[in-house]
1. Scan the stretch 81-97 for residues that are among the aromatic types (Phe, Trp, Tyr) and either within 16 Å of the ligand (Cβ to nearest atom) or not in a helix (DSSP H, G or I) (or both) and jot them down.
2. Does at least one position in the stretch 103-112 carry a residue that is within 16 Å of the ligand (Cβ to nearest atom), open to solvent by less than 70 Å² (accessible area, probe 1.4 Å), modelled with pLDDT of 95 or more and assigned to a strand (DSSP E or B)?
3. Given the criteria modelled with pLDDT of 95 or more, within 16 Å of the ligand (Cβ to nearest atom), closer than 19 Å to TYR266 by Cβ and of a type outside the set (Phe, Trp, Tyr), does THR161 qualify?
4. Are there any pairs with C-beta distances below 7 angstrom linking a residue in the stretch 349-360 that is assigned by TED's automatic domain parsing to the domain that holds ASP291 and open to solvent by 60 Å² or more (accessible area, probe 1.4 Å) to a residue that is away from the ligand (no atom under 13 Å from the Cβ) and not acidic (Asp, Glu), with the two at least 6 apart or on different chains, and if so which?
5. Which of the residues spanning the stretch 323-361 are more than 16 Å from the ligand (Cβ to nearest atom) and within 13 Å of the chain's Cα centre (by Cα)?
6. On the basis of being of a type in the set (S, T, N, Q), open to solvent by less than 10 Å² (accessible area, probe 1.4 Å) and touching a residue at least 40 places away in the same chain (Cβ under 8 Å), does ASN309 make the cut?
7. If we keep just the residues of the stretch 164-190 that are part of a helix (DSSP H, G or I) and buried (at least 23 other Cβ atoms within 10 Å of the Cβ), which is farthest from the ligand (Cβ to nearest atom)?
8. Which number in (1) within 16 Å of the ligand (Cβ to nearest atom); (2) in contact with a His (Cβ under 8 Å, 6 or more places away or on another chain); (3) aliphatic (A, V, I, L, M) marks the one condition that LEU418 misses?
Amino acid sequence: MRRTFQWPAVLSPAAPSQDPHSNETESNGNHPTPSAASRRNRIIFGGDYNPDQWPQTVWDDDIRLMREAHVNTVALAVFSWDRIQPEEHRWDFDWLDLIIDKLGHAGIAVDLASATATAPLWLYEAHPEVLPRDKYGHVVGPGARQSWSPNSPVFREYALTMCRKLAERYGRNPYVTSWHMGNEYGWNNREDYSDDAQRAFRDWCRRTYGSIDALNAAWGTTFWGQEIHDFDQVLIPRYMGADAMVNPGQQLDFERFGNDALLDFYKAERDAIAEICPDKPFTTNFMISTDQCAMDYAQWAHEVDFVSNDHYFHEGTLHLDELSCSDALVDSLALNRPWYVMEHSTSAVQWKPLNARKRKGELTRDALAHIAMGADAINFFQWRASAFGAEAFHSAMLPHAGEDTALFREVCALGKTLDRLADTGLAGSRLQRSDTAILFDAQSQWATRSQTLPSGKLDHWHDVRDWYQAFLNTGMRADVVPLAYDWSGYHTIVLPTVLMLSDADTRRILDFAQAGGTVVIGYATGLVDEHFHVGLGGYPGAGQGLLRSMLGIRGEEFNIIGPQADGDADAIALTAAEAVSDPTNSHTTATSRLWQNVISVTDPHAQTLAFYHGDAADDWDLDGVPAITRNRAGKGIAYFLGCDLDVNDLTTFIRLNLDATSAPPNPDVLHTVRIGDTTAFDFYFARGKQGAKISQVSGEPLVIFRGSPGSNTGSYTLQRNGVLITMRNLTTPCADE
Ligand code: GAL
């Protein structure tokens, strides 16, 4: 673990002329760093730049237009291995020298890639063994991206040679201000079933468990007679037949191993560069959005100097809420320091079945929403739309139609806005944290992928997102925090479908409650430990019964419903509960559609807040069974939500039980605050199609996008996708919308 924080510098617009390939050090005076210090307060703006797809005649035009768009940084050479090393013993840096030089002289900094995301064809011809295999044993062919096994020692050697060459050549180049390692590690090689992987997995098991007995105990190999007598017998979970079910403990360890293999690979690449060039910050672009969970970034975030993320929009009304939920996790991974949007899109992508463009205002709104959530860098994939290849129809900053386009004008306006915001001192300020943390655990998300669970529809991440949105619906904002991090300072923690809880984590939760915190445990939380062993004595059995006794309940069975139960009801009603029903309307009920825990209350102090009720409940022998409970736990409170609820019902639950704010907040608005040394920046976004009205805003308006001031001081109207940013002195109290 090496947690550091180093933010990339930005160049001054007109860098001094120099020889960037000189080996002389800065102190010799021949090699001045271009005013980097004075430019640290900028917001980074740019995108992936792929000049190798274009003739050199286009490059000057690119740079002219980048300057027009206020671009100050580009990510370069992400897929350029083949151009840099066209043959094993031939290196061609001339084109890269030239473009870095041109960019640097124009004041555009370079986030230089390690260039290893795609390997050249000559390497595959010479060493076909570097290719990964899928679980059926098929070789994953070259021709796209990341067709290489992170477990291949041969591939690693070639990749590290590339890293060293780049470090030697550009380590002292003042225009290169950060290292962009790989690209979305694991995008196409997350699972590798090659022989190299088999060997590496055996070593991983040896290191993790130490003894074969410990491995057998963890995997529960007495089941189906799978006992292992030697680490050389350990298998990766290759295809075993259409209906075979993989041992979930083994499956989970294979997921962990895959994460660790790529993380080790990243670290080896980083360290190869760092040995030669220790002083520039390293990052790699994470893939965090609520529909993806490739890696356990709670581990990765310790290994980068600044956190960066790629985020692609979800269409529809969820768009802003989803973006903000994903960013809430990124901000926690960054430990609340500024972070980097490495990629998002100006408009449509090309990889969905239907690729809608962004709606009016969404380009600017999304970029400003990332800033509102703590980003100090806004970058797009990619600068110039490709004329050919798999991503030709992906939007870009400069579209096929060229500079005389609405899209390019919006990009330029955005660049100017970001510069203006930076002038006010926004960069470096930090997102104000909420007092509620929704806990996220990538490994629980992997565990919910097991084919062996009571329901194949569990999705921890989506449940986190639903809770996040429900908080926004009440006008509150929650943070999203990795389970593995420190959340003891929050007032409330929510654990939605955190399927796996170790004894130690369960103890942390109990301590938190006993010290006065409020804990909300979701319906499929704490069912198994970190080895996928079920906690006994009644559900949820985490922590040898600690979780259950904190809640004061005991579950005997799960009731799983859904449309597959032909002719039976696919929903079960909850009723008579002050926690769920609106007290002004006694007929309001909540509904569960997936999973109900059949529980009884065991602690005399525990209260039942909602019951299952009605014919469908009766059919399943659930009528009158507690659905939502509350218990005192030391100085704190522990809620149990024994069934899945939709966002509306979660919103009602929060409103009735967790909403501690005195002033009614405005659910039409997403409001965040960034706190600087002496200044606070308030960001307001219209969440819905109808736009929003905001009042009593005390700060000075910096940006009013798709909106206008109202007749009363401090009031504003925002249209759909509208944004208001204001600035106030920190002595001025925070506005209430
Ligand atoms: C990302 C990738 C980029 C580009 C982009 C398209 O996953 O890093 O290289 O392919 O998707 O949306």
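1. TRP81, TRP91, PHE93
2. Yes, the stretch 103-112 contains at least one residue that is within 16 Å of the ligand (Cβ to nearest atom), open to solvent by less than 70 Å² (accessible area, probe 1.4 Å), modelled with pLDDT of 95 or more and assigned to a strand (DSSP E or B).
3. no
4. ARG359/ASN721; LYS360/ASN721
5. Within the stretch 323-361, SER324, CYS325, ASP327, ALA328, LEU329, ASP331, SER332, LEU333, ALA334, TRP339 qualify.
6. Spelling it out, it is not the case that ASN309 is of a type in the set (S, T, N, Q), open to solvent by less than 10 Å² (accessible area, probe 1.4 Å) and touching a residue at least 40 places away in the same chain (Cβ under 8 Å).
7. Across the stretch 164-190, the extreme among qualifying residues is TYR170.
8. (1)
The values are calculated or read from the model by the stated rules, or taken from the named source; none is laboratory data. The model shown is predicted, which means the values in this text are computed figures rather than measured ones. Reconstructed Cβ throughout: ideal geometry from the backbone, glycine too, with neighbour counts over all protein chains shown. Surface accessibility is based on the protein's heavy atoms, side chains included, excluding ligands, DNA and RNA. Shrake-Rupley method; radii C 1.70, N 1.55, O 1.52, S 1.80 Å.
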